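Input: a single structure, listed below in structure tokens.
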Amino acid sequence: MILELDCGNSFIKWRVLEAGRANVYAEGVVGSNIALIESLWAVPNLLLTRCRLVSVRALEETDKLVETLVEAFGVTVSCATSAVEMAGVHNGYEDFQRLGLDRWLAILGGYKLASGACLVLDFGTAATADFVAADGQHLGGFICPGMPLMRNQLRTHTHKIRYDDAAAERALERLSPGRTTAEAVERGCMLMLRGFVLTQIELARAYWGDDFTVFLTGGDADLVCDAVPQARVVPDLVFVGLAMACPLS
Ligand SMILES: Nc1ncnc2c1ncn2[C@@H]1O[C@H](COP(=O)(O)OP(=O)(O)OP(=O)(O)O)[C@@H](O)[C@H]1O
Ligand SMILES: CC(C)(CO)[C@@H](O)C(=O)NCCC(=O)O
Ligand SMILES: [K+]
């Protein structure tokens with residue numbers, strides 16, 4: 001079995017694949033290395049042979065996770081690294097190593113699935129947009145705070161913005177002007193995200209007309225998918241790219 005890990009800034013997304021099979025044997029989202037190991041121990045008949053991983057965390061933190069996995073499961077771990085070019089995609093950053101690896105993998109996955117120009121939108125801790133032209137040239141992208149950061153900044157930097165998770169969830173059932181603090185903040189942040197999305201799509205249109213595919217991924221993709229009916233929601237887009245960047249020999 002193969003363990004795949006996407007280590008974001010807030011959460012680790014993991015899944016286990018059976019060698020040679022397409023279906024997912026087990027999967028989850030955890031908040032720490034310890035929680036990851038515990039979740040994996042709870043998977044029935046787990047027999048890991050290989051592991052591939054992408055991380056946007058600090059090197060020391062990633063190294064520690066790799067060490068923990070080697071100790072707990074005796075697996076070989078292969079980590080995705082930056083590249084100037086891969087699978088027909090050319091990294092558009094001035095310094096290719098500065099482009100977040102999760103973005104790079106999502107771009108590789110998107111370009112493969114689209115077989116043409118694509119706009120990749122990822123909604124996690126940060127919200128990101130990346131543009132890949134039909135010839136595989138990555139034009140660059142945009143980064144802004146995602147839903148968790150926007151809402152936490154408001155909570156942290158004001159005295160009177162306070163509400164619980166249940167109120168936050170209820171608030172997003174509609175998008176009319178908020179009549180409670182929870183509604184006003186949650187809906188306001190949601191509209192910021194949607195505005196971000198619509199602006200990216202306008203830009204993609206200016207470049208490519210109607211000839212491009214929009215991909216939505218990341219834990220908060222559901223928050224914006226209504227705003228872009230033409231988009232393909234691909235929750236595992238980073239994993240698609242991960243398999244391309246770390247093929248198992
Ligand atoms: N099962 C889940 N566990 C935790 N968060 C989830 C889950 N499902 C959806 N989410 C949402 O996903 C968001 C986090 O997104 P995601 O996991 O893609 O990114 P991240 O790891 O926090 O950050 P990034 O990958 O951008 O560095 C949270 O705001 C949360 O609302
Ligand atoms: C933008 C995030 C945080 C999104 O997860 C990640 O891709 C990252 O840390 N990127 C490095 C900075 C950059 O991509 O320019
Ligand atoms: K991500």
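The values are calculated or read from the model by the stated rules, or taken from the named source; none is laboratory data. Just so we're clear, the structure is a prediction, and the values are computed from it rather than from any experiment. For neighbour counting, all protein chains shown are included, and Cβ atoms are generated from backbone atoms with ideal geometry for every residue, glycine included. Each accessible area value is taken on the protein alone, full model and side chains, heavy atoms only, with ligands, DNA and RNA left out. Shrake-Rupley method; radii C 1.70, N 1.55, O 1.52, S 1.80 Å.
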>> Of the residues Gly109, Gly28, only one is outside any loop (DSSP other than H, G, I, E, B), in contact with a Phe, Trp or Tyr (Cβ under 7 Å, 6 or more places away or on another chain) and either away from ligand 2 (no atom under 16 Å from the Cβ) or of a type in the set (Gly, Ala, Ser) (or both); which?
In response: Gly28
> Which one is nearest to ligand 2 (Cβ to nearest atom), of the residues in the range 31-58 that are in contact (Cβ under 8 Å) with a residue 40 or more places away in the chain and within 21 Å of the chain's Cα centre (by Cα)?
Replying inline: Val56
>> Can you find, within the range 127-164, the residue that is farthest from Arg194 (Cα to Cα) among those that are within 16 Å of ligand 3 (Cβ to nearest atom) and buried (at least 22 other Cβ atoms within 10 Å of the Cβ)?
In response: Asp130
> Can you tell me which residue in the range 240-249 is nearest to Thr81 (Cα to Cα), limited to those that are open to solvent by 20 Å² or more (accessible area, probe 1.4 Å) and part of a helix (DSSP H, G or I)?
Replying inline: Ala245
> Restricting attention to the range 91-112, which residues are more than 16 Å from ligand 3 (Cβ to nearest atom) and buried (at least 16 other Cβ atoms within 10 Å of the Cβ)?
Replying inline: Asn91, Gly92, Tyr93, Tyr111, Lys112
> Going by the structure shown, is Val120 buried (at least 16 other Cβ atoms within 10 Å of the Cβ), free of Cβ contacts under 8 Å to residues at least 60 places away in the same chain and within 15 Å of ligand 1 (Cβ to nearest atom)?
Replying inline: no
> Cβ-Cβ below 8 Å, separation at least six or inter-chain, first residue in the range 3-30 and without any contact (Cβ under 8 Å) to a residue 12 or more places away in the chain, second more than 16 Å from ligand 3 (Cβ to nearest atom) and part of a strand (DSSP E or B): which pairs?
Replying inline: Asn23/Leu17; Val24/Val16; Val24/Leu17
>> Which numbered condition in (1) out of contact with any strand residue (DSSP E or B) (no Cβ under 7 Å at 6 or more places or on another chain); (2) surrounded by fewer than 17 Cβ atoms within 10 Å (Cβ to Cβ) is the only one that Val24 fails?
In response: (1)
>> I'd like the full set of residues that are part of a helix (DSSP H, G or I), surrounded by 15 or more Cβ atoms within 10 Å (Cβ to Cβ) and hydrophobic (A, V, I, L, M, F, W, C), limited to the range 36-71.
In response: Leu36, Ile37, Leu40, Leu65, Val66, Leu69
> List the pairs whose first member sits in the range 190-219 and is away from ligand 1 (no atom under 16 Å from the Cβ) and of a type in the set (S, T, N, Q), whose second member is in a helix (DSSP H, G or I) and open to solvent by 30 Å² or more (accessible area, probe 1.4 Å), and whose Cβ atoms are under 9 Å apart, counting only residues at least 6 apart or on separate chains?
Replying inline: Thr213/Leu113
> For Val77, are the conditions met, namely being open to solvent by less than 60 Å² (accessible area, probe 1.4 Å), out of contact with any Pro (no Cβ under 6 Å at 6 or more places or on another chain) and within 16 Å of Pro247 (Cα to Cα)?
Replying inline: yes
